[in-house]
Amino acid sequence: LSLYADDCSIWTSGKDAGKIFDKMQTYLKEVDQVLTDWGFKISAAKSVSILFTQTRTISEAAERRKLDIGGITLPKETVVRFLGIVFDQGLNWRAHIKETAKKAEKRLNVLRAVTGLKWGLRRNSLLMLYRATIRSIIDYGSEAFNQTTATIKKPLDTIQRRALLIVTEALKCTSLASLQVDCCEMPLDLRREQQTALYAIRTRQLQGHPSREIYFPWPSD
């Protein structure tokens, strides 16, 4: 169970889809009853269910199973959003990265609009604008999608290269590596490794963190 403000996510895992649905339905009833006793009500209209799996086909039995809250059937989705991160059914993160790249591309126009040889912002200011408005959304959720393939993550490198070309006003044929060196910008794959390591450190410091057992399955000292 994960709670953040009024957003709630409940999950379980296993090899038998039927048992997963049974376990989840039982827990949903318990949560609904507890919240009802406290005077709260789950918004079934804003709730969805999704079955994460890396198998190419889902059994007919699993396809037929439905979850409900208070007698209201939850729609089954193949892509869901939670706290600004897009989760796809196969957890390959293609949908999240595609949406992130689309959002960042719109902000490239803002960066381009304040660029000019005689009147535009200086390079340091442009870099600050890039880091605040574009790199920040590229970094968001990187601890989760860092494990996906380089091909799926490539659109983010393309966005960074286009942004640094605007900042430096370099030739379009300039390589991304050269632009990164010129702007003192860390490659995105190294930034993701850094963000993941920092997240792991924070996770270890917080008792009861939902990701603690994933990063540190062994007993702490």
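The values are calculated or read from the model by the stated rules, or taken from the named source; none is laboratory data. All of these numbers come straight from a predicted model, not from anything done at the bench. FYI the Cβ positions are ideal-geometry reconstructions off the backbone, even for glycines, and counts take in every protein chain you see. Areas reflect the complete protein model, heavy atoms only, side chains present, ligands, DNA and RNA absent. Shrake-Rupley method; radii C 1.70, N 1.55, O 1.52, S 1.80 Å.
How many residues are touching a residue at least 40 places away in the same chain (Cβ under 8 Å), part of a loop (DSSP other than H, G, I, E, B), farther than 19 Å from Met186 by Cα and open to solvent by 40 Å² or more (accessible area, probe 1.4 Å) if we restrict to the range 98-145? The qualifying residues number 1. Listed by first and then second residue, the pairs with beta-carbon distance under 7 Å, at least 6 apart or on different chains, first residue in the range 185-206 and within 17 Å of Ile137 (Cα to Cα), second among the hydrophobic types (A, V, I, L, M, F, W, C) and open to solvent by less than 70 Å² (accessible area, probe 1.4 Å), are Glu185/Leu164; Leu188/Ile138; Leu188/Leu156. Taking the conditions (1) more than 23 Å from Leu3 (Cβ to Cβ); (2) part of a helix (DSSP H, G or I) in turn, Cys173 satisfies each one other than (2). As a summary of the residue check, Glu185 satisfies the conditions (1) closer than 17 Å to Glu105 by Cβ; (2) open to solvent by less than 30 Å² (accessible area, probe 1.4 Å); (3) over 17 Å from the mean Cα position of the chain (by Cα) except for the one numbered (1).
Suppose we filter Thr158, Thr148 for residues that are within 23 Å of Asp88 (Cβ to Cβ), assigned to a loop (DSSP other than H, G, I, E, B) and touching a residue at least 24 places away in the same chain (Cβ under 8 Å); which single one remains? Let's see the steps before the verdict.
Numbers: Thr158 fails: assigned to a loop (DSSP other than H, G, I, E, B).
Thr148 is the lone residue from the list that is within 23 Å of Asp88 (Cβ to Cβ), assigned to a loop (DSSP other than H, G, I, E, B) and touching a residue at least 24 places away in the same chain (Cβ under 8 Å).
Inside the range 64-78, can you point out the residues that are surrounded by 15 or more Cβ atoms within 10 Å (Cβ to Cβ), in a strand (DSSP E or B) and among the hydrophobic types (A, V, I, L, M, F, W, C)? Within the range 64-78, just Ile69 meets the criteria.
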